[in-house]
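The values are calculated or read from the model by the stated rules, or taken from the named source; none is laboratory data. What you see is a predicted model, and the numbers here were worked out from it, not measured in a lab. Cβ coordinates were reconstructed from backbone atoms using ideal geometry, including for glycine residues, and neighbour counts include every protein chain displayed.
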Amino acid sequence: MEIKKGIAVSPGISIAKCLVLDAEDYRIPRRSIQPSQRMTETQRVRNAFKDAIEELAHLQEEKKEIEGRKIRDIYAVHLSYLRDKSLRKKITDFVHDESVTAEFAVSKTLRDISGHFAKLKDPYMRERAADIYDIEHRLLRRLVGDKREDIQRLDVEAVVVARELSPTQTAGFNKEYVKGIATGAGGRTSHTAIVARSLGIPAVVALEDITDSVTAGDTVIVDGNRGIVVINPDDATIQQYLEYAVEFAELSHRLDAIKEKPAVTRDGVRIVLWGNIEFPDEAQLVLEKGGEGIGLYRTEFLYLNRDTEPTEKEHYDAYSRTVEVLKDRPVTIRTADLGGDKYTQSKRYMREPNPFLGLRSIRFCLQNLTMFKTQLRAILRASVLGKVKVMFPLITNLQELMQAKMVLGDVMEDLHEEGIKCNSDVEIGIMVETPSAALTASMLARDVDFFSIGTNDLTQYTLAVDRGNELVSTLYSSVDPAVLRLIRTVIQDAHKAQVEVSICGEMASEPESVMLLLGLGVRILSIAPPLIPEVKQIIRSVTIEECNKVARKVLSMNSERQISGFLRDAARKILPEAF
Amino acid sequence: MIFCKWSDENGWMQTGDTVENTFCEAEVEIKNADGLHMRPAMQFVDIASKYEASINVSNEEASVDGKSIMQMSMLAATYGSRLKIKAEGPDASEAVEALRELVEVKKFGEPTPEEKRRMGQ
């Protein structure tokens, strides 16, 4: 039995056999092999090349008629690379000389080559790195492909253990079988955490070398309440955790009982609770948990796990399904927030040195107008079915907002010309998630109907901390004085301009932050659906008077440590049962 | 300009000579705007591979196998850079001539910077 301590990011307890996943990005650990296995591994390299060539030649033949010359050239170049004897030899020599696995040798060799291209001065040449990634992935799909598909073919309950889960991987999760998640990397606001919470799967992250400590098939307990993972527990421990699980289920039922009651503070101030979702399937969950609308509908999942961009119909089907569930309640659809840590297959052109400061989100959309317009058309078409709101992410300045609005206007005009109905008064808003947007909120307010403060990115950009990097993740805190000052500015400016303002970051669902946010003047919170009852319980236990006091006190404090300590104490005093 | 010589002697080959094994080399300049990127590298390798002669291509930094797209593309020769093509084998002179033509005359079927500008880029 081994006990590991990490960060609890999604509540609940699960006990199941584990499944160990390699990263989708195929970051292959160096896996040494016995010299006697070298023959087998070099043969695997040769087979992977042979299969990849066959696959590509087939694809080339198949697409001959429909694709343009450019695409055919790309296939031809990739084939030429795969047929290059000196490349194959380099890889097999590497397997042989260093006694490593086929996948490691393929990955290392091709990454060295793409690294060579990525370093070049000529921008056109530099982009060739992307071709090499493609070739690498084609080969790796052959070599580790089986292991990847495991997750989708899962037909028994399992705890998923990985170094880190990518958005693409988590998108394929089947809630019925994935009972728990344990990852080595990540923090409270990592993608894994968000997805786990929204799917209601218990999860613990930041477990460091967890993948080295387990073997597929080990029994693992994930305690998403206390942040503990137990590997190969003894009978007594299993018994103890089964009891915890029952207790936890009872608590959830108690919370569910308040779902019919309104989210009103003890002194009668009405608070609106919305849900954050990723899939249309979750829309029902929002209503079940007592949510009154959707404050953040993430649409990236439409783009992930596939080889081609989603069609307008696919967009429309997803949005219309969601809107139909919510009826006349608001559905805030955020336009594609791709880039950073979320890519599509076809758009993974180039590895950027600073992806979070690079071509992501609205910037990416404004440079890929065809893709952007496809999504906007679908959103606008769905806008006649209910109360759809359009939200642009990562706006950093007024010009970007105007550009995005102009594109939306163009799409609207196109629809009018084609005689397709849409709501021309559809509400338009932005995510305020960069310090620049927060500081210029008073200017941006004139051109929007609503603000939604995305505290995750706002914190990351304000404090210059990568939330997914465990080396610095302790520096990441949404209650840092700098972040709080920006949040206060946005709320004040929104009130002055009479623009709706909500919070859709993780912060809105942290019990200790809820009072503070209410005290700062927020009346709309958008959170992961399973957490709605808990947050409602908090709201129903406090007065705005108390919240204002908390906010005033916090704003007079000058260190994150002091603030988080104070908030914890304040929350404990008022809501002992939440802790 | 292409220089050819007997591979096992020192004299220059004369026009019309038929030989078993020759050594041949030429210096070429990249004339298309985008340089020797993937597709041109592929064209180069496709032509080089038709010949029996071994083909070596070099610039100041590296010397690579002209029949390997990996190695050729990694040269990343940009517009205006010069490459030395060396061939050795029975059809060395034909190989070098064909490759020189691809690089300098056909320019890989791509526009020069001037042509690209005129095309409104």
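Condition check: surrounded by fewer than 20 Cβ atoms within 10 Å (Cβ to Cβ), closer than 28 Å to residue A:281 by Cα and of a type in the set (Ser, Thr, Tyr). Does residue A:198 satisfy that? Give the steps one after another, and end with the answer.
Values: surrounded by fewer than 20 Cβ atoms within 10 Å (Cβ to Cβ): no; closer than 28 Å to residue A:281 by Cα: yes; of a type in the set (Ser, Thr, Tyr): yes.
So residue A:198 fails the test.
So, in the range A:183-216, exactly how many residues are at pLDDT below 75 and at positive phi?
Matching residues across the range A:183-216 total 1.
Of the residues that sit in the range A:80-97 and are in contact with a helix residue (DSSP H, G or I) (Cβ under 9 Å, 6 or more places away or on another chain) and within 9 Å of chain B (Cβ to nearest Cβ), which one is surrounded by the most Cβ atoms within 10 Å (Cβ to Cβ)?
A:81
Return only the number of the condition from (1) in a loop (DSSP other than H, G, I, E, B); (2) under 22 Å from residue A:82 (Cβ atoms); (3) more than 11 Å from chain A (Cβ to nearest Cβ) that residue B:52 does not satisfy.
All conditions are met except number (2).
Can you spot a residue in the range A:534-556 that is outside any helix (DSSP H, G or I) and closer than 20 Å to residue A:477 by Cα?
Yes: one or more hits.
In the range A:98-140, which residue that is in contact (Cβ under 8 Å) with a residue 24 or more places away in the chain and more than 30 Å from residue A:40 (Cα to Cα) is farthest from the other protein chains (Cβ to nearest Cβ)?
The qualifying residue farthest from the other protein chains (Cβ to nearest Cβ) is A:118.
Which residue is modelled with the lowest pLDDT, if the candidates are limited to the range A:103-126 and must be outside any helix (DSSP H, G or I) and surrounded by 15 or more Cβ atoms within 10 Å (Cβ to Cβ)?
Residue satisfying both the conditions and the ranking: A:122.
Pairs only if they're at least six apart or on different chains, beta carbon under 7 angstrom, first in the range B:27-48 and more than 11 Å from chain A (Cβ to nearest Cβ) and under 12 Å from residue B:109 (Cβ atoms), second at pLDDT 95 or above and crowded, with 22+ Cβ neighbours inside 10 Å; list them, first residue then second.
Close Cβ pairs satisfying both conditions: none exist.
For the range A:255-288, name all the residues that are touching a residue at least 12 places away in the same chain (Cβ under 8 Å), more than 23 Å from residue A:431 (Cβ to Cβ) and not β-branched (Val, Ile, Thr). Steps first, answer last, please.
Applying the first criterion (touching a residue at least 12 places away in the same chain (Cβ under 8 Å)) to the range A:255-288 yields A:255-256, A:258-261, A:263-267, A:269-280, A:282-288.
Filter again for more than 23 Å from residue A:431 (Cβ to Cβ), leaving A:255-256, A:258-261, A:264-267, A:269-270, A:284, A:287-288.
Matches in the range A:255-288: A:255, A:256, A:259, A:260, A:261, A:266, A:267, A:270, A:284, A:287, A:288.
Select from the range A:469-487 the residues that are crowded, with 16+ Cβ neighbours inside 10 Å and either touching a Gly at 6+ places or on another chain (Cβ under 6 Å) or under 17 Å from residue A:554 (Cα atoms) (or both) and list them in ascending order.
Quick first cut of the range A:469-487, residues crowded, with 16+ Cβ neighbours inside 10 Å only: A:470, A:473, A:476-481, A:483-484, A:486-487.
Selection gives A:473, A:477, A:478, A:479, A:480, A:481, A:483, A:484, A:486, A:487.
Considering every residue within the range A:493-514, establish whether at least one is crowded, with 18+ Cβ neighbours inside 10 Å and more than 26 Å from residue A:393 (Cβ to Cβ).
Yes; the residues of the range A:493-514 include at least one that is crowded, with 18+ Cβ neighbours inside 10 Å and more than 26 Å from residue A:393 (Cβ to Cβ).
Matching residues to (1) at pLDDT below 85; (2) touching a His at 6+ places or on another chain (Cβ under 9 Å); (3) more than 30 Å from residue A:31 (Cα to Cα); (4) part of a helix (DSSP H, G or I):
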residue	(1), (2), (3), (4)
A:229	no, no, no, no
A:241	no, no, yes, yes
A:251	yes, no, yes, yes
A:266	no, no, yes, no
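Can you name every residue in the range A:443-468 that is part of a loop (DSSP other than H, G, I, E, B) and crowded, with 20+ Cβ neighbours inside 10 Å?
Selection gives A:448, A:454, A:467, A:468.
Could you check the range B:55-96 and list, in sequence order, the residues that are within 12 Å of another protein chain (Cβ to nearest Cβ) and either without any contact (Cβ under 8 Å) to a residue 24 or more places away in the chain or touching a Cys at 6+ places or on another chain (Cβ under 7 Å) (or both)?
B:61, B:62, B:64, B:65, B:67, B:68, B:70, B:71, B:74
Please verify whether residue A:335 is polar (S, T, N, Q), under 19 Å from the mean Cα position of the chain (by Cα) and at pLDDT 95 or above, treating the condition exactly as stated.
Judged against the criteria, residue A:335 is a match.
Name the residue, out of A:352, A:427, A:400, A:433, that is loosely packed, with under 15 Cβ neighbours inside 10 Å, in the same structural domain as residue A:318 (by TED's automatic domain parsing) and either in contact with an Asp or Glu (Cβ under 8 Å, 6 or more places away or on another chain) or over 15 Å from residue A:450 (Cβ atoms) (or both).
Answer to the check: A:352.
Taking the condition among the hydrophobic types (A, V, I, L, M, F, W, C), at pLDDT 80 or above, outside the structural domain of residue A:192 (by TED's automatic domain parsing) and in contact with a strand residue (DSSP E or B) (Cβ under 7 Å, 6 or more places away or on another chain), does residue A:100 pass?
yes
Which one of these does residue A:359 not meet: (1) in contact with a strand residue (DSSP E or B) (Cβ under 8 Å, 6 or more places away or on another chain); (2) in a helix (DSSP H, G or I); (3) without any contact (Cβ under 8 Å) to a residue 24 or more places away in the chain?
Among (1) in contact with a strand residue (DSSP E or B) (Cβ under 8 Å, 6 or more places away or on another chain); (2) in a helix (DSSP H, G or I); (3) without any contact (Cβ under 8 Å) to a residue 24 or more places away in the chain, the lone unmet condition for residue A:359 is (2).
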